[in-house]
Every structure is written in structure tokens, then in C-alpha cells.
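A.B. asks: Here it is, the structure, as C-alpha cells.
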Amino acid sequence: MKVQWYPGHMAKATRLMKEQLKTVDIVIEVCDARAPLASRNDVLSSALGGKKRIVAYNKSTLADKQISENWMAHLTAGGELCVFTDAMAREGIKQLRELLIDEAAGKMRYNRAVRAMVTGIPNVGKSMLINSLTFSSGVKTGNRPGLTRGNQWLRIDEKLHLLDTPGVLAPKIESDYDAFCLAAIGCVKDTIFDKYEACIEIVDFMRRYYPALLLSRYKLEAIDDDSVVVLEDIARRRGFFMRGGEVDLNRLADTLYDEFKNGKIGRMSLQCPEEK
Ligand SMILES: Nc1nc2c(ncn2[C@@H]2O[C@H](COP(=O)(O)OP(=O)(O)OP(=O)(O)O)[C@@H](O)[C@H]2O)c(=O)[nH]1
Ligand SMILES: [Mg+2]
């Protein structure tokens, strides 16, 4: 799948991030647990300049539990400091806080708050994760990429200060599958790819890896080999028809895409460590 990707303001955000890096003790990179590799920004990774990084794989209650466990084992074995979190369900939040303070405080000369920068690609839940650490709603969150505009410091308490930053995508998306992942989890604006095309890939993916979820969510009797036929079957089930009686595939694409992105169909992971 192709996305029409123009880096534009992302270059500026990346530059800002590099400047801010000097003022922090540690970096939290927020990724999406459903696609741990595709949701990573390699430009951020290479710009760390010796600063420690903790990766929070967020929205973990939307990901396949077994696959997340495999990822955790794989990544930890590779020496990565990481936690699987869910800002909405408040899972892994305490663990993230403890890891942050433990890892950063050791290096600090004075007894002051740990200053951490929260980075990551758009819409992975950076702002919501910060809110879950503060147990309040100090920063704006919302289900569309690009909500946070400027950098914003939040004093969580005397031990922890966090810097919220706008989401930045790497200037280059590595592969068509990565592009599909970014679209499917909602990290790129839905105006820069074709939703119908994305839904065909979503059905291809579910047919292969999660057929039972596809059958049960849409109450299908069988899954046709042709994904277009599957989309038509679902549209009929949902009663999505146009005036002449034909199935309304555009309306269905909007619905199916939203349901997939928001985890309504069930827990799924788009990438697993064995396939790397
Ligand atoms: N299920 C689930 N949804 C989440 C989680 N974290 C965030 N969300 C939802 O994802 C959407 C994006 O959250 P934000 O916190 O605004 O994401 P962000 O990374 O700050 O986005 P930008 O500022 O646009 O880069 C919102 O609709 C949140 O409700 C999570 O852990 N689980
Ligand atoms: Mg934000």
C-alpha cells in the first residue's frame, strides 16, 4: 500500500526535538504495541546522542497478548529498556514511572526531578500516557495524528517532569507493509491514503492471521477468497446500501477502518518478532 507522504513540518519538529534533547535526562519513545517496528522513528533513535531511551509500547490492550509477550522477550534480550503500556486502561504505568526514575536518577548529581522527553510518531498516545502518569488531564489528547503542536513541560511531581512533543514521522517509510501498518493503526492522516485499498489489506491480513475475529465481529458464515467479496458481504450484513440497492463500499470502508484502528474487532498485532 502507498501513502502520499510529505515530510514538511516534520523536519522542523525533528530539529526542535534535537535541540530539546540537551535539556533532558532521558527519553521516552512511545510506539504502538500492535506494530513495534513500523511505529518506531529511526531518525529519533539515531538522534539520541548518548541519552538513555525507554520505549513504551502503548495501546497494548489492543495488541495480541501472546505476540506482545514474545516481543518483550525478544526486545529485552536485545538490551532494550522497554515497557508495554496502555494509557487508557492504565496498564504498565507504574512500571514505566519506576523504570524512568531508576534509570535516570542514577546518573544525576543533584537531588532534583528527572526530566524526560516524550517522543514518538503521531497518535501513538504520547499525551494520554503523560496524562496517565499525572493522574489528571493536563494535556490535550485526541484520536487524530498531529494533535499536539508545540513542546509542553509538565511537572508531574517533585520527582518527575515530562516534556510532551508533537508526533514526528521519519521522512521515509521503509516498506509498503510499514505504510499499511501506519495507516491501519491511525498514525498517518486518512487523507493521504486510500481507505478502500487499506480495507482490502485489512481483510487480507485478518483472513490470514485472525479469521475467527473477522467471522465473529461481522457475523459472517464464511470468508471468501476475494477480499472485495468479503467487504461486500460485510456491507450487506451491516445494511450499507446505496439508493439503487448496491452495497455502499465507501461507507463500509469508513466503518471497517475505524473499527480496526480502534481495536473494536479484537486484539491483533500486525508485526511479530519471528517475521522480522
Ligand atoms: N485503547 C487505547 N487508546 C489510546 C491509548 N493511548 C491513547 N489512546 C487514544 O489514541 C488517541 C491519540 O492519543 P494522544 O495521546 O492524543 O496521542 P499523541 O501521541 O499525543 O498524538 P499527537 O499529539 O497527535 O502526536 C486518542 O484517541 C486516545 O484516546 C491506549 O493506551 N489505549
Ligand atoms: Mg499529543
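The values are calculated or read from the model by the stated rules, or taken from the named source; none is laboratory data. As the structure is a prediction and not an experimental result, all values here were calculated from the model. Counting neighbours? That spans all protein chains shown, and the Cβs are built from the backbone with ideal geometry, glycine included.
A.B. asks: Residues that are over 27 Å from the mean Cα position of the chain (by Cα) and surrounded by 14 or more Cβ atoms within 10 Å (Cβ to Cβ): which helices (runs of 4 or more DSSP H) entirely in the stretch 161-248 hold 1 or more of them?
C.D. replies: 227-238
Yes/no per residue for (1) aliphatic (A, V, I, L, M); (2) closer than 20 Å to residue 182 by Cβ; (3) out of contact with any helix residue (DSSP H, G or I) (no Cβ under 6 Å at 6 or more places or on another chain):
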residue: 18; (1), (2), (3): no, no, yes
residue: 36; (1), (2), (3): no, yes, no
residue: 62; (1), (2), (3): yes, yes, yes
residue: 69; (1), (2), (3): no, no, yes
residue: 80; (1), (2), (3): no, no, yes
residue: 100; (1), (2), (3): yes, no, yes
residue: 103; (1), (2), (3): no, no, yes
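A.B. asks: Same structure again: From 134, 119, 61, which residue is at negative phi, within 16 Å of ligand 1 (Cβ to nearest atom) and modelled with pLDDT under 90?
C.D. replies: None of the other options fit; the residue is 134.
A.B. asks: Tell me, yes or no, whether the stretch 13-36 has at least one residue that is surrounded by fewer than 21 Cβ atoms within 10 Å (Cβ to Cβ), under 18 Å from residue 170 (Cβ atoms) and within 15 Å of the chain's Cα centre (by Cα).
C.D. replies: Checking the stretch 13-36: not a single residue is surrounded by fewer than 21 Cβ atoms within 10 Å (Cβ to Cβ), under 18 Å from residue 170 (Cβ atoms) and within 15 Å of the chain's Cα centre (by Cα).
A.B. asks: It is to be established whether one or more residues within the stretch 87-102 are within 16 Å of ligand 2 (Cβ to nearest atom), assigned by TED's automatic domain parsing to the domain that holds residue 25 and either of a type outside the set (Gly, Ala, Ser) or surrounded by 21 or more Cβ atoms within 10 Å (Cβ to Cβ) (or both).
C.D. replies: Yes, because at least one residue in the stretch 87-102 is within 16 Å of ligand 2 (Cβ to nearest atom), assigned by TED's automatic domain parsing to the domain that holds residue 25 and either of a type outside the set (Gly, Ala, Ser) or surrounded by 21 or more Cβ atoms within 10 Å (Cβ to Cβ) (or both).
A.B. asks: Across the stretch 194-220, which residue is farthest from residue 257 (Cα to Cα) among those that are among the aliphatic types (A, V, I, L, M) and in contact (Cβ under 8 Å) with a residue 12 or more places away in the chain?
C.D. replies: 220
A.B. asks: If you don't mind, there's one more thing I want to ask. Only one of 265, 223 is without any contact (Cβ under 8 Å) to a residue 24 or more places away in the chain and either assigned by TED's automatic domain parsing to the domain that holds residue 72 or at negative phi (or both). Can you tell me which?
C.D. replies: 223
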